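Remarks on the structure that follows.
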Amino acid sequence: MSAATILCIDDEALGLRIRKTVLEHAGYRVLTAEDGPTGLTLFRGHAIDGVVLDYFMPEMDGGAVAQAMRLERPEIPIMLLSAYINLPAEAVALVDVTLLKGEGPEELLEKLRVMLASGDSVAPGGPR
């Protein structure tokens, strides 16, 4: 079985590099983008098994990116990251799981594992 491909989208380069390293060390194949439009291009052009998406980004926030992804490939699970706990309900409803950036790599890996194992059996806005 080949490694799952995860698309990470975050405008903070350091956080993006850290998550890429953590995920690759755990055996995932990782694609990265530093903004929503670039992330959507990668999403459209590659076989993606899951998305780790920052919420607060300039030009196109995570809610807009998640909405575009759901319209094109609703079966792909999405994790929404944020340093803030009060995300708009409409953005949270579009994703499968949320993660506070400060929760650490173990929580990231566990939530990602559960999200990917759930596959398309968890509807957007499902268990957190």
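Residues whose amide H falls under 5 Å from that of Val30, counting only those 5 or more places apart or on a different chain, are Ile6, with hydrogens built in the peptide plane. When Ser118, Ser2, Ser82 are sorted by how many other C-beta atoms sit within 10 angstrom of their C-beta, beginning with the fewest, the order is Ser2, Ser118, Ser82.
For the chain, the calculated P(r) over all alpha carbon pairs, in 10 Å bins from 0 to the bin holding the longest distance, is 14, 52, 33, 1 percent. Using C-alpha pairs under 8 Å with a sequence gap of at least 6, the mean separation divided by the residue count of the range 5-117 gives a relative contact order of 23 percent.
In this simple spin-label approximation, Glu24 and Ile85 carry label points 7 Å from Cα along the Cα→Cβ vector, and these lie 3.4 nm apart.
Quick note: the coordinates plus some simple rules give every number you see, no bench work behind them. All figures in this text were calculated on a predicted structure; none of them were measured in a lab. Here Cβ is always computed from backbone atoms with ideal geometry, including for glycine, and neighbour counts include all displayed protein chains.
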